[in-house]
1. Using a cut-off of 15 Å between beta-carbons, work out the net charge of the residues near Pro161 (Lys and Arg +1, Asp and Glu -1, Pro161 not included).
2. Could you give the length gained by full extension between Ser170 and Ala220, i.e. 0.36 nm per residue of separation minus their alpha carbon distance, to one decimal place?
3. Taking 29 Å as the cut-off for C-alpha to C-alpha distance, list the pairs among Lys125/Lys176; Lys13/Lys76; Lys153/Lys194; Lys76/Lys149; Lys13/Lys194 that go past it.
4. I need the peptides 8-19, 62-73 ranked by packing, meaning the mean over residues of other C-beta atoms within 10 angstrom, with the highest value on top.
5. In whole Hz, with x marking every Gly and Pro, tabulate ³J(HN,Hα) for the range 185-201 from phi via Karplus 6.51 cos²θ - 1.76 cosθ + 1.60, θ = phi - 60°.
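Rule-based calculations on the coordinates, nothing more; no lab input. This is a predicted model, so every value here is computed, not measured. Neighbour counts are summed over all protein chains in view; Cβ atoms, including those assigned to glycine, are modelled from backbone coordinates with ideal geometry.
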Amino acid sequence: MSISPFARYYLRKLLLAQPALQDKGRNCRNNGEESADAYLKLEHLTHPQINELEFLAELHQKLKNSEPSQSEQLQKIEDRIFELLGIQLPVSNNALTEMMAFFSQVANTQEGVDSSTKISTKTNKATTLEEYYRYFQTITAVASRYLGKMIVKNYWLATRPQQSWLAQISVEQFQKPDSLLHSSNQQLTPQQQKILQEWICQFIRQCSRILPILPQLLLAAGVPPYLLCHLVNPTAPKASATERVEVGSSGKEEVALLTPRPLHK
């Protein structure tokens, strides 16, 4: 299984945006491009890992375009991408600022990317039960198309949190796009929003065991990226800056650039 042209393009741009490669490229004719390509040899990855990279690339692009202030989530996605690629990437103190400025330009370019992958609208986070209800219906419609209504219903029931206020939500109504709850205009507290987001996340995780590309399908269907950020797997702790300093052949201290590390399967 090979990665899509869009994902390869975006991952390559992500690598080239890293200060470590930029510093290395200043002393090379290729401006670091060959170094980026060298770390995009993905033959060692499994099919699920390729699927995850595809999802992370698209999630990063859409989150950057719709929620550019979500720097913590963007960094979390980047960390997971680099972990999947099997590289250790040193990051300078102002690297995140530099990368966000870079991706504000990448998100608006068409170079090598099909126009269908672009998203230009801002996302306002859902705050009412009605808005979340619409997301439940969209997710249900997409998942049911591939898994069937019965399996999808059972997964919603199996992953539903135990909070009593969720009793007013009937999962049967998720499959009825024209139906609404009597209290659908109810404003949700931040804690209630978090509970619904966790429910959505657990449901998608369960379905993805059978349908690994479900997160990508949901992004394509218009599900907001912030609802899918919880799907990003946690990464291993980063090495400290002092652990990344090595002594070069010239006898001077040099920063270790993109050190490959084995993947643990």
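1. Here the charged neighbours net out to +2.
2. On the way: separation 50, 0.36 × 50 = 18.00 nm, distance 2.57 nm.
Contour length minus the Cα-Cα distance gives 15.4 nm.
3. Beyond 29 Å: Lys76/Lys149; Lys13/Lys194.
4. Details: 8-19: 20.8, 62-73: 17.1.
Ranked by mean Cβ neighbours within 10 Å, highest first: 8-19, 62-73.
5. 7, 4, 6, 9, 6, x, 5, 5, 4, 4, 5, 5, 5, 5, 4, 4, 4
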